[in-house]
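S.K.: Supplied in structure tokens, the structure appears directly below.
The values are calculated or read from the model by the stated rules, or taken from the named source; none is laboratory data. Just so we're clear, the structure is a prediction, and the values are computed from it rather than from any experiment. Positions of Cβ are backbone-derived with ideal geometry, glycine not excepted, and every protein chain shown enters the neighbour counts. The protein model used for the area step is the full one, side chains on, heavy atoms only, and it has no ligands, DNA or RNA in it. Shrake-Rupley method; radii C 1.70, N 1.55, O 1.52, S 1.80 Å.
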Amino acid sequence: MDKFVIHGGRRLSGAVKVNGSKNACLPIMAAAILSEGACSLHGVPHLADIDTMSFMLGELGVSVNLQGDSLGLLVEDEGCSHARYDLVRKMRASICVLGPLLAKRGCARVAMPGGCAIGPRPIDLHLRGLKAMGAEIELHGGDIIASSKRLRGAEVFMGGPFGSTVLGTANIMMAATLAVGTTVIECAACEPELSDLAAFLNAMGARVHGAGTPHVVIEGVEALRGCEHTVIPDRIEAGTFMCAAAITNGQVHISPVRLDHMMAVVDRLRAMDVIVEKAGDGVEVSCARRLAPVDATTQPYPGFPTDLQAQLMALVCLADGNSVITEKIFPDRFMHVAELARMGAQIHKEGPTVIVTGCKKLAGAPVMASDLRASAALVLAGLAADGETVVNRVYHIDRGYERIERRFAALGADVSRISD
Ligand code: EPZ
């Protein structure tokens with residue numbers, strides 16, 4: 001397994017390019033199952049999760065061909081509609097093949113995702129929505145067995161105890177494109193990745209209205225054609241680089257950035273005295289002084305994203321005072337707390353809330369990556385810490401960040417990848 005060796009204390013400077021959004025690509029790739037023709041997706045990052053989804057689609061009869069950052073997708077065989085457990089357990093986003101398989105082929109066998117380092121990953125809202133559209137669903141040996149001669153439009157409420165569901169909304173949106181009649185999704189998730197999915201679906205001839213709002217209307221059509229689409233920039237990757245500039249007191253130009261997708265993140269960074277200025281199709285982020293403490297609570301979009309909670313926590317570990325961070329989406333998403341404490345961070349956890357007492361310096365140490373975003377937080381802490389930090393099991397990071405060590409090194413960081 002690979003690890004990163006980081007010698008901290010260097011200010012980052014220069015410019016870094018943001019890749020296409022992983023969380024837009026994954027449901028869009030699944031949506032290709034719905035198409036009668038060839039689809040081309042541009043701006044696709046080279047990530048382990050993209051490879052996993054490509055492999056899974058291959059098993060589902062979709063030919064996938066990556067050339068540079070363009071992905072060609074074409075359904076060639078609809079014989080197998082079984083998404084196997086050993087692929088789904090590696091990437092829970094695989095669940096978003098369920099809706100397209102059911103809508104296009106009338107049947108699907110998809111392994112239940114199970115849990116992961118950030119907590120349980122239930123799919124009850126996905127199944128509730130598909131049942132409302134007439135799907136027969138049963139559980140057998142840990143797999144969801146779903147069937148439907150033809151899905152029918154329905155009114156579907158997608159709210160749960162933690163708000164709406166991003167991939168649940170994606171599943172129902174995709175399933176509804178080929179249903180008979182009109183589907184209304186109430187309490188839909190509003191993340192920009194869903195607006196991007198809707199743009200892809202509509203480019204295929206679907207009729208999706210209101211994506212990005214809690215009220216989405218989908219008029220079913222008979223068939224969907226191939227199309228071309230360029231994915232939106234990855235707002236979580238952009239936010240991670242913003243935090244890296246801030247935590248090293250550096251100055252970095254980050255582009256492309258859709259600032260309208262990142263207002264909650266920019267708000268919290270500016271509250272910490274980080275300078276974030278629009279610059280061309282991106283932003284210039286700098287911080288020449290000690291960070292101010294801040295309070296933050298993760299919320300469904302457009303609130304502060306749970307996927308940047310760990311990275312923000314690394315930042316506030318060095319703030320001049322006490323910060324309070326509350327996690328409202330995945331209350332157990334705190335695997336990074338114990339590892340940051342190994343570097344000298346002062347963090348007190350009370351249920352879904354942590355109180356962080358800022359310290360002047362973190363000390364480098366060997367730490368263990370556990371999930372994608374927690375791992376990114378440990379790298380950020382290592383960039384700022386005194387001495388050497390070794391981040392183990394960086395395969396977690398490779399799931400969502402393309403060769404991030406090279407990109408940090410190009411900004412002046414002393415970071416290298418070592419293969420065990
Ligand atoms: C998406 O996961 C993202 N993944 C996650 O990013 C992100 O953290 C999450 O949305 C929240 O924004 C992708 O887009 C591939 P949810 P998803 O369903 O859709 C509960 C990353 O780091 N819930 O919106 O699986 C659930 O337990 C990943 O890139 C139910 O109760 O998340 C959670 O508490 C990690 N029942 C909350 O809703 C359900 O049926 C939000 O989950 C579904 C979800």
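S.K.: Do you know which of the residues in the range 373-397 that are outside any helix (DSSP H, G or I) and aliphatic (A, V, I, L, M) is farthest from the chain's Cα centre (by Cα)?
M.R.: Within the range 373-397, the match that is farthest from the chain's Cα centre (by Cα) is ALA385.
S.K.: Just one of (1) surrounded by fewer than 20 Cβ atoms within 10 Å (Cβ to Cβ); (2) within 16 Å of the ligand (Cβ to nearest atom); (3) in a helix (DSSP H, G or I) trips up GLY58, so point out which.
M.R.: GLY58 satisfies every listed condition except (2).
S.K.: Then there's this: Please give the strands (runs of 3 or more DSSP E) falling wholly within the range 267-354 in which 1 or more residues are aliphatic (A, V, I, L, M), open to solvent by 20 Å² or more (accessible area, probe 1.4 Å) and at pLDDT 95 or above.
M.R.: Numbers: elements: 275-279, 282-286, 295-297, 322-326, 346-350.
The strands (runs of 3 or more DSSP E) meeting that bar are 275-279, 322-326, 346-350.
Here's the yes/no breakdown for (1) modelled with pLDDT of 95 or more; (2) open to solvent by 40 Å² or more (accessible area, probe 1.4 Å); (3) within 13 Å of the ligand (Cβ to nearest atom):
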position	(1), (2), (3)
CYS116	no, yes, yes
GLU186	yes, yes, no
GLU193	yes, no, yes
ASN202	yes, yes, no
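S.K.: Is there any pair with a first residue in the range 119-138 that is assigned by TED's automatic domain parsing to the domain that holds LEU98 and open to solvent by less than 70 Å² (accessible area, probe 1.4 Å) and a second that is within 13 Å of the ligand (Cβ to nearest atom) and charged (D, E, K, R) whose Cβ atoms are under 8 Å apart and which are 6 or more apart or on different chains, and what are they?
M.R.: GLY119/ASP332; GLY119/ARG333; ILE137/LYS131
S.K.: Mind telling me which of the residues VAL16, VAL97, VAL44 ends up being at pLDDT 95 or above and part of a strand (DSSP E or B)? Can you show your working first?
M.R.: Values: VAL97 fails: part of a strand (DSSP E or B); VAL44 fails: part of a strand (DSSP E or B).
Among VAL16, VAL97, VAL44, only VAL16 is at pLDDT 95 or above and part of a strand (DSSP E or B).
S.K.: Additional query: How many residues, within the range 61-73, are open to solvent by 60 Å² or more (accessible area, probe 1.4 Å) and touching a strand residue (DSSP E or B) at 6+ places or on another chain (Cβ under 7 Å)? Full working, then the answer.
M.R.: Of all residues in the range 61-73, those open to solvent by 60 Å² or more (accessible area, probe 1.4 Å) come to 65-67, 69.
Filter once more, keeping what is touching a strand residue (DSSP E or B) at 6+ places or on another chain (Cβ under 7 Å): 65, 69.
The number of residues fulfilling the criteria is 2.
S.K.: Between ALA24, ALA15, ALA32, which is within 29 Å of ALA409 (Cα to Cα) and either within 16 Å of the ligand (Cβ to nearest atom) or buried (at least 19 other Cβ atoms within 10 Å of the Cβ) (or both)?
M.R.: Exactly one residue qualifies, and that residue is ALA24.
S.K.: Also, quick follow-up: Which condition from (1) open to solvent by 30 Å² or more (accessible area, probe 1.4 Å); (2) within 16 Å of the ligand (Cβ to nearest atom); (3) assigned to a loop (DSSP other than H, G, I, E, B) is the one that SER370 breaks?
M.R.: Failing condition for SER370: (1).
S.K.: Follow-up question, since we're still on this one. Considering (1) more than 16 Å from the ligand (Cβ to nearest atom); (2) at negative phi, say which one VAL265 fails and leave the rest.
M.R.: (1)
S.K.: Follow-up question, since we're still on this one. Condition first: crowded, with 24+ Cβ neighbours inside 10 Å, away from the ligand (no atom under 16 Å from the Cβ), closer than 13 Å to THR248 by Cα and in contact (Cβ under 8 Å) with a residue 40 or more places away in the chain. Can you find one or more residues in the range 388-407 that meet it?
M.R.: No, the range 388-407 has no match at all.
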